[in-house]
Each structure stands twice: as C-alpha cells, then as structure tokens.
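Everything on this sheet refers to the single structure shown next.
Just so you know, all these numbers are worked out from the coordinates, no wet-lab data involved. Every value quoted in this text rests on a predicted model; they were computed, and no experiment measured them. Cβ placement follows ideal geometry from the backbone for every residue including glycine, while neighbour counts extend to all protein chains displayed.
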Amino acid sequence: MYAIKRRKFILGLSLIILIIIAGFLFFRNNGYYLVIENRETGNTVEYKLPDKNFSLGYTHSVMKTETEEFFVVGDKKQIILEKTVYESYGVGLPFLPDEGEMQVKDGKFILKIEREFPSISMVISPIAEHYLRIQNKKYMLSNILGDKPVKILLKIKKRII
C-alpha cells in the first residue's frame, strides 16, 4: 500500500515538473524578433528583442567615424528610429535643425528623432563594419551574412505560441 502511494506521489510530482518545464519553454520564445533577410538568397536570421530595442552601427565612409542608430519596436511591429549618435559632420549625416533635437554630449552629436518604418532595406558591407547591438551584445553583420556587400531587409516579427 505504501509503495502505491509513493509511486502516485512521484508520478504526480514528475507531472508537475514537466508542466513547469513545458510552460517555461513555451513562453520563453514569445516576444518580438528582429528578422534580417538576405535579399539575394532569401535566408533569414532572427534575434529576440527582450526589451524591444536594438541599434545598428557602422563606420561612416567619408568621415571614418562611428555612427550608431537606436531603434525601438512599436506596438504595430513598426521600427521607430529614436536617435542617431555620431562623432562628426559629413555627407549623409544629419545637420539641419529641423531634422530633430540635437545635443552634444561627451564629444558626440546626438540627434533625437522619431521616424517610423515598416521595414528597413539597406546594404551591409565589411568595409563599413556594420553591426547590430542588442542588450549591449554586438554582432558584426559581415560575420553573419558574409564578407561581401549584401542587400538586406530588416523587419519585426511577433511570436506568440
């Protein structure tokens, strides 16, 4: 009798543990993802965005200084550019007062802006050293997509399992 009660207890406890593990695995993959699509091959890479923020950085081709653009994901899966941080003026870098609120901090220009995109189409290059930053972890895009210029599309996917 005691052995039967013990087996039922162990079986019940095992079932509870399995439910907890399944629930954890089920919900941990929910959330927003940045999808990077290689426009030439159609291959995609996905990065989970735990806090719905990411940035894209590169070395400016003319000025040879680093530029980083900071994005947040909107409620309708849009990509919202919040600010651009750069070290010098140059071709393609914002400089007009009507482009946003400009401030200088620690020798860097910070342009606060709010521009919304359904997706972002761009070309990455190992020369420009394009990178993606998520929660302070930096991913070199040429290491992920190859060491030649590649056309990519960035978009947001919301996963609910």
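If the cut-off is 19 Å between C-alpha atoms, which lysines fall inside it for LYS108, apart from same-chain ones fewer than 8 positions away? Counting by Cα, and skipping residues close in sequence, LYS108 has these lysines nearby: LYS64, LYS83.
Cross-link list LYS112/LYS158; LYS77/LYS112; LYS48/LYS155: which exceed 19 angstrom alpha carbon to alpha carbon? From LYS112/LYS158; LYS77/LYS112; LYS48/LYS155, over 19 Å: LYS112/LYS158; LYS77/LYS112. Phi angles across segment 74-85 convert, under the Karplus curve 6.51 cos²θ - 1.76 cosθ + 1.60 with θ = phi - 60°, into 3J(HN,Hα) values of x, 5, 9, 6, 7, 9, 10, 7, 9, 7, 10, 10 Hz, Gly and Pro given as x. Estimated from the Cβ-Cβ distance and a Förster radius of 41 angstrom, the FRET efficiency linking ASP51 and ARG7 is about 0.35.
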